[in-house]
Structures are given as structure tokens and as C-alpha cells.
1. Quick check on residue 124: is it under 21 Å from residue 151 (Cα atoms), surrounded by 15 or more Cβ atoms within 10 Å (Cβ to Cβ) and modelled with pLDDT under 90?
2. Cβ-Cβ distance below 9 Å, separation of 6 or more or different chains: which pairs start in the stretch 284-307 with a residue that is within 25 Å of residue 206 (Cα to Cα) and end on one that is surrounded by 15 or more Cβ atoms within 10 Å (Cβ to Cβ) and among the basic types (Lys, Arg)?
3. Search the stretch 254-282 for residues being small (Gly, Ala, Ser) and under 30 Å from residue 304 (Cβ atoms), and hand back the single one that is surrounded by the most Cβ atoms within 10 Å (Cβ to Cβ).
4. Would you mind stating whether residue 389 is exposed (fewer than 13 other Cβ atoms within 10 Å of the Cβ), in a helix (DSSP H, G or I), on the phi < 0 side of the Ramachandran plot and among the charged types (D, E, K, R)?
5. Which of the residues belonging to the stretch 312-334 are surrounded by fewer than 15 Cβ atoms within 10 Å (Cβ to Cβ) and at pLDDT 75 or above?
6. Only one of these conditions is not met by residue 269: (1) of a type outside the set (Ser, Thr, Tyr); (2) over 15 Å from residue 222 (Cβ atoms); (3) at pLDDT 90 or above. Which number is it?
7. Looking at (1) part of a loop (DSSP other than H, G, I, E, B); (2) under 15 Å from residue 200 (Cβ atoms); (3) open to solvent by less than 30 Å² (accessible area, probe 1.4 Å), which is the one condition that is false for residue 240?
8. Any residue in the stretch 67-85 that is charged (D, E, K, R) and crowded, with 16+ Cβ neighbours inside 10 Å?
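The values are calculated or read from the model by the stated rules, or taken from the named source; none is laboratory data. What you are looking at is a predicted structure, and each value in this text was computed from that prediction instead of being measured. Using ideal geometry, Cβ is built from the backbone for each residue, glycine included, and neighbour counts are taken over all protein chains shown. Accessible surface is based on the protein model in full, side chains and every heavy atom, while ligands, DNA and RNA are left aside. Shrake-Rupley method; radii C 1.70, N 1.55, O 1.52, S 1.80 Å.
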Amino acid sequence: MNTLLSVIIIFGLLVFIHEWGHLYFAKRAGILCREFAIGFGPKIYSFKKGETVYTIRLLPIGGFVRMAGEDPEIIEIKPGYEIGLVFNRSNRVSELIINNKSKHPEAHVVQVEKIDLEHELIVEAYNDEGVRMRYEIDPKAQLIKDEQATQIAPWNRQFGSKTVGQRALAIFAGPMMNFVLAIGILIAFALMQGMPIDEPRIGEVTENSAASEAGLQEGDQVVAIDGQPLDTWVEMTEIIQQHPNEAITFDVERNGELLSLPVTPQERVGQFGDAEGFVGIARPTEFNLLGSIAFGFTQTYTFMTMIFEVLGMIVTGQFSLDYVAGPVGIYNYTGEAAAMGIFVLMQWAAALSVNLGIINLLPIPAMDGGRLIFIGLEALRGKPIDPQKEGLVHFVGFALLMLLMIVVTWNDINKFFM
């Protein structure tokens, strides 16, 4: 239950902040945002605030913001259609009733001759007396079909009408907010737990660990390991990681006394899938406001470089896809992080947020990075790519991503039951 709750909170927060970035900057640009969704598939819960419908959907594998103009409008009115018109106090059309006109006795039924819902915002139609009339349409008029209302999207409210910069920012804002979230989580971590410092000093010692059994204590200053002098925490951990299941000797200073303690690091799977040693000690910390803020930025950068290193190794074939985790693997790792305490979970959440931001910025069709590529090509060409061709590329990319997710998830399940 703790694992499930942790996954729901972390993934919900990561997806929410990502999509909120898209939503906020799209609205700032004046784009009509029809829906803000967490998840895909059938709706579980929804409510409308302002112009946007906020929904939670069944499949928790991401989210989206549906902006006007990104997809073809699903309601089309052609000449010859009979529709009902409802007017507001300014004598503009506020509602266009597509069917079930009998349920709207206040509507004036007309036969459409010409209609423009994007640029001119007018409808020319014949009334009951056969007279051709011209009516102005309110920019926020609603199309009513099967008793479901959809706000019209004039051209100036559509995604495609905005400048290259505005559209690029609306797309980039999602990954950007993931980086901002990671920085915020890591600053909070440093303020609550203390800012990690790069000294070869023992922080908290885990119970029943190799360090505990060897007699290492919090506050011990590690002078050397196997006679090799140490100046930093990084140097110390590198030596420990290089000796899984091999005895090494810690020379530590405790209360002015020099002690030599033999320690045998335990073994675990490292970042790149190889075996590494660990002894169960935490990094020493100190409380510092400015240092905590700096830690948020520097640690986020560290996570970025680690992720790019892994991506580079995958591309060059040095890193097996067997070590890439899908939803099931991430669920298991989140459970392990939750079991190790809130501070480990916070760092894991920050790493996941950075990972989500970077993956979304990769130049892959259907991802934010792929969409930014098309916007960049438009800026270079001076005109947009054919929307149908771009849509086809994104569709194929999305299908391939779903196939990759299925493969990785199947691999996760096999590893889980092995």
C-alpha cells in the first residue's frame, strides 16, 4: 500500500506539473485549451473551470493538454444544414444548436448558406420566411451537439496562429517545469535533511549494514582506505564501489584517536548494471540556506549528466535495454525507495522528474522534442510543415513508443518473476 501510494503521489505530481507548464504558457499566449488531462483512456472524473475541462483518465501513463487547432475540429457545419441560433444580449450568436433543436425552444431555426467560425465569425442563413440574414457570432460561442457543448475556436485562439516563439515556449514549458520541480524537491531535501558535503566523513550508519557490523560510527573521519589517503566523499565511495565482497581497511579518526577497521562491502547492481560495493553509510550533511539552493541546481545538473551518459551508452550499444525500466520496474524501484525513507524517496522523485523532462525533449515524434523539431523547421523554412504529414509522423512515433513501452514492460515483468 505504501508503494502504491508513493507511486500515485509521485507520478501524479510529475505529470501534473509537466502538463501544467504546457497549460499555463499556452493560456498566456491566448491559446484556447479545451482539456487538461492526467492519464489516457476513458474519463474517471472531470470538471470544467473557465474554458478548460479538467479530467482524470483511466490509464496512468502520462497526460496531455488539448489545445484548439492541434486537431481537426470534430463538428462541421455545411451549407444546407438546419441549425438553431441562440443570441446573447449583444445580439450575437452565443449558441449554435446542431441537433435536438426541439429541446431548445428559444433557438431560432435557420438554414445555413455560409458560415465561418474561424475568421469572419459570421453565419449567413435563411430564416423561416426565406429571407437571407447575416448574423455575427460571439468569439466564445458554443456548438451544441447531442447536448454536449464545445466552444468555438477563432483563428486567433488556435495553436497555429501564434508565433514560433509562443508555440515553442508552450511546448518546452512541460519539460522545463519538470526541471523546476526537481530543483524545488532537492532544495527542500537539503533544507530538511541537511546539505550533503564532499568530505570523507561518515554520516548516518544503516542498522545491520556492513559499516555497522564493522564498528563504523557517525562522525568518523575517514583518513584512508587500504592505505590510500582520502580528501573527498566521492573518492571514498569510488573505492567502496570497486570492492564488492572484498575486505578493505578503513583508517578513521574518532575523538582524536586513529582506528583501523576492516570492512567487507556488500554487493548490489550499480547504475550501469555492473556489480558495485556498498557499506550502508550516508553522506555527511550541514544546514545552509544558500548552500541548499545551490545544491538543488547542482544536483539536478548531476542527474542530467548521468541520464545523458546512460542514453549515450544505449545508443552506442554499451548499455543493455535489459537495464531500462518501464512502468513495472519504476513501480518496484519506487517501492524500494519508499522503504528506505522519505529522503531517499524525495531524491528518487527528483531524478524521475529530470528523467521525464529529458526524455520528453528527445527529438522523437509525438514527444515534446519531436514537436519542437517541427516548429524549428518551420522557423527555418518560413512556412509550416503540412499538418497532415506532421500528424502522420507523430502518429507513427506514438505507435512505436507504445510498442517500446510494451516490450520494456514485458521485460520488467520477466525480471520481477525471475
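1. The answer is no for residue 124.
2. As it stands, the answer is 284/201, since those pairs meet every condition given.
3. Result: 277.
4. yes
5. 312
6. (3)
7. (1)
8. Yes, the conditions are met somewhere in the stretch 67-85.
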